[in-house]
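Inspection log for the structure reproduced underneath, given as structure tokens.
The values are calculated or read from the model by the stated rules, or taken from the named source; none is laboratory data. None of these values were measured; they are calculated from a predicted model. FYI the Cβ positions are ideal-geometry reconstructions off the backbone, even for glycines, and counts take in every protein chain you see. Accessible surface areas use protein heavy atoms only, side chains included; no ligands, DNA or RNA. Shrake-Rupley method; radii C 1.70, N 1.55, O 1.52, S 1.80 Å.
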Amino acid sequence: MKKRELRITIENDEIREEFINKLLEELKIDHAKIDIKGKSITITLYGTKDIVNYNWNIIKRLRKEIKYIHALKTPSTTKKYPHRLLQKIAKITFPLDVLEIILKAKGYHARIVNKEFLETNATIDEITELIKEIGEKIRESKTVTKSSSAKKFLIVTSIILQVSINEVRDLGLRLNIFEEDELGFVKLTREWREALQELQGISKEKEIKR
């Protein structure tokens, strides 16, 4: 039986409470002791070497993530959000370029850095809500298309215009942006970003009838 002990001091009450709750959810061990005295947390792990090391890594990762998330919530002009962390917070897998375009359309600064970070002045709460909306549109789009690029076009247009996925599908067919296959699924007739620019140009010239 191996024993390992870690003492952590977390000054912020909210961060400390969130860390403890996450810790209780994620620790994969029956033999663990957590003592809390003021701002200090003492975690003692018992078990085989592999089990203790596994949970030790969970503790270190959670401590780092919780502090990082709260740092992102503090006021700032722009911040960089790792794609992996955003997906974990929202509990949704989503394309980062879709989020970037929607944020820009809503008036935020947004830029993808090194293909895995989003630089933006939107808050983490605003981003999380938008990601959840993207997740809903991803589920809706699965009944309309099998193409990943067509899904991106559907999701972005649906959220920006505040219309349903089916309305975007019908609009795309009317404008020859989409074509149907033999099963009734749509696919784009051009690259999805090009299609977005074309739609934007049309909408500026005249109101799109739904």
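Yes or no: the stretch 62-72 includes at least one residue that is at pLDDT 85 or above, charged (D, E, K, R), open to solvent by 90 Å² or more (accessible area, probe 1.4 Å) and closer than 30 Å to HIS109 by Cα. Even if it seems obvious, please write down each step before you answer.
The initial filter retains those residues of the stretch 62-72 that are at pLDDT 85 or above, namely 62.
Those still in the list that are charged (D, E, K, R) too: none.
No; the residues of the stretch 62-72 include none that is at pLDDT 85 or above, charged (D, E, K, R), open to solvent by 90 Å² or more (accessible area, probe 1.4 Å) and closer than 30 Å to HIS109 by Cα.
Regarding the stretch 169-179, can at least one residue be identified that is under 30 Å from ARG84 (Cβ atoms), surrounded by 14 or more Cβ atoms within 10 Å (Cβ to Cβ) and modelled with pLDDT of 95 or more?
No, there is no match, as no residue in the stretch 169-179 is under 30 Å from ARG84 (Cβ atoms), surrounded by 14 or more Cβ atoms within 10 Å (Cβ to Cβ) and modelled with pLDDT of 95 or more.
Tell me, which strands (runs of 3 or more DSSP E) lie completely within the stretch 72-189 with 3 or more residues that are free of Cβ contacts under 8 Å to residues at least 40 places away in the same chain and closer than 30 Å to ARG61 by Cβ?
Output list reads 110-113.
Within the stretch 146-160, which residues are within 13 Å of ARG193 (Cα to Cα), polar (S, T, N, Q) and open to solvent by 10 Å² or more (accessible area, probe 1.4 Å)?
Once the filter is applied, which keeps residues that are within 13 Å of ARG193 (Cα to Cα), polar (S, T, N, Q) and open to solvent by 10 Å² or more (accessible area, probe 1.4 Å), the stretch 146-160 yields SER148, SER149.
Taking the stretch 17-62 as the search range and keeping residues that are in a helix (DSSP H, G or I) and among the acidic types (Asp, Glu), which one is farthest from ILE89 (Cα to Cα)?
Per the criteria, the residue is ASP50.
When only residues in the stretch 1-16 that are open to solvent by 70 Å² or more (accessible area, probe 1.4 Å) and in a strand (DSSP E or B) count, which is nearest to LYS64 (Cα to Cα)?
Residue satisfying both the conditions and the ranking: THR9.
Which of (1) more than 24 Å from LYS104 (Cα to Cα); (2) among the basic types (Lys, Arg); (3) at pLDDT below 95 does LYS204 not meet, given it meets every other one?
Only one criterion in (1) more than 24 Å from LYS104 (Cα to Cα); (2) among the basic types (Lys, Arg); (3) at pLDDT below 95 is unmet by LYS204, namely (1).
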